[in-house]
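The values are calculated or read from the model by the stated rules, or taken from the named source; none is laboratory data. Computed from a prediction, not measured in an experiment: that's the story for all the values here. Cβ coordinates were reconstructed from backbone atoms using ideal geometry, including for glycine residues, and neighbour counts include every protein chain displayed.
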Amino acid sequence: MTDIIPVSFGARWQIPVCLIQQNRVRTISGPAEAIRYMRTYFDEQSLPAYSRALDVCFAALRCETELDIARTFFLAAYEEELEARGAFSC
């Protein structure tokens, strides 16, 4: 017998993530968009936060974790990506 796994591709975060890049604002509204963004724009796909963020975003789409947890992991991966590029410093 085959199990059916519900997937919520339209899942949205309560507060979207707004990324400012080259004088443009890109809005990431949920885990599906975060996955597409990371796979398309992250140069360092071997970094630990990238893998964790992908796993947690997929889990959120499968309703296995809270959406805002996926948002937090995406933000951590984005920060790690910026640091790897040398584009982020305090």
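Some points to look at:
- Verdict on Cys57 being surrounded by 10 or more Cβ atoms within 10 Å (Cβ to Cβ) and at positive phi: no
- Any pair with Cβ under 8 angstrom, 6 or more apart, that starts in region 67-78 at a residue that is more than 14 Å from Ala32 (Cα to Cα) and ends at one that is of a type in the set (Lys, Arg) and at pLDDT 95 or above: Ala76/Arg52; Ala77/Arg52
- Of residues in region 28-50 being hydrophobic (A, V, I, L, M, F, W, C) and within 15 Å of Arg12 (Cα to Cα), the one nearest to the chain's Cα centre (by Cα): Ala34
- Which listed residue, of Leu47, Leu82, is among the aliphatic types (A, V, I, L, M) and crowded, with 16+ Cβ neighbours inside 10 Å: Leu47
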